[in-house]
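The values are calculated or read from the model by the stated rules, or taken from the named source; none is laboratory data. Because the structure is predicted, anything quoted here is derived from the model rather than measured. All Cβ positions, even for glycine, are placed from backbone atoms using ideal geometry, and neighbour counts span all protein chains on display.
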Amino acid sequence: MVVRSELSDTQVDAIFHALADATRRDIVARVIEREQSVSEVAGHYAMSFAAVQKHVAVLERASLVSKERRGREQIVHARPQTIARARQLLDGYEQLWRGRIDRMQSILDEGIR
């Protein structure tokens, strides 16, 4: 069984690279809860505004968030459809591993009889 995804390998790499960082995972969780300006997001972290902007840019390149200009502010929105696609990919891997475990259990059960 091969795990298939509607995402390209490049997109999958970008998503999991983005989610590999705890700060970026936290940013995604915060903007899923409610959209926030980049300034609001930055207020939650003990790092420079520029560093938070870079984290948001990585998330944006991975299509996990998008930004919208409202006046002088950039509002960060979650992109749940990308998160759903990543979840589908992980579900495929889980099914693959569960199938392997089930086959190993069947082999072990046959050996016991």
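Annotations for the structure displayed:
- Scanning the range 67-84 for residues that are part of a strand (DSSP E or B) and farther than 14 Å from I15 by Cβ yields K67, E68, R69, R70, E73, Q74, I75, V76, H77.
- Filter pass, V31 being touching a strand residue (DSSP E or B) at 6+ places or on another chain (Cβ under 8 Å), of a type in the set (V, I, T) and in a helix (DSSP H, G or I): yes
- Candidate set: the range 2-28, residues that are modelled with pLDDT under 95 and part of a loop (DSSP other than H, G, I, E, B); chosen: the one farthest from the chain's Cα centre (by Cα): V2
- Residue check, R87 basic (K, R), under 19 Å from Q11 (Cβ atoms) and buried (at least 18 other Cβ atoms within 10 Å of the Cβ): no
- Candidates in the range 56-83 are the residues that are farther than 22 Å from A22 by Cβ and of a type outside the set (S, T, N, Q); of these, the one that is surrounded by the most Cβ atoms within 10 Å (Cβ to Cβ) is I75.
- Entry remark, the range 72-113: residues being among the hydroxyl-bearing types (S, T, Y) and within 30 Å of D26 (Cα to Cα) number 2 in total.
- Residue list for the range 64-113, filter: free of Cβ contacts under 8 Å to residues at least 40 places away in the same chain and under 19 Å from the mean Cα position of the chain (by Cα): V65, S66, K67, R79, Q81, A84, R87, L90, D91, E94
- Any hit, the range 92-112, residues being in a strand (DSSP E or B) and hydrophobic (A, V, I, L, M, F, W, C): no
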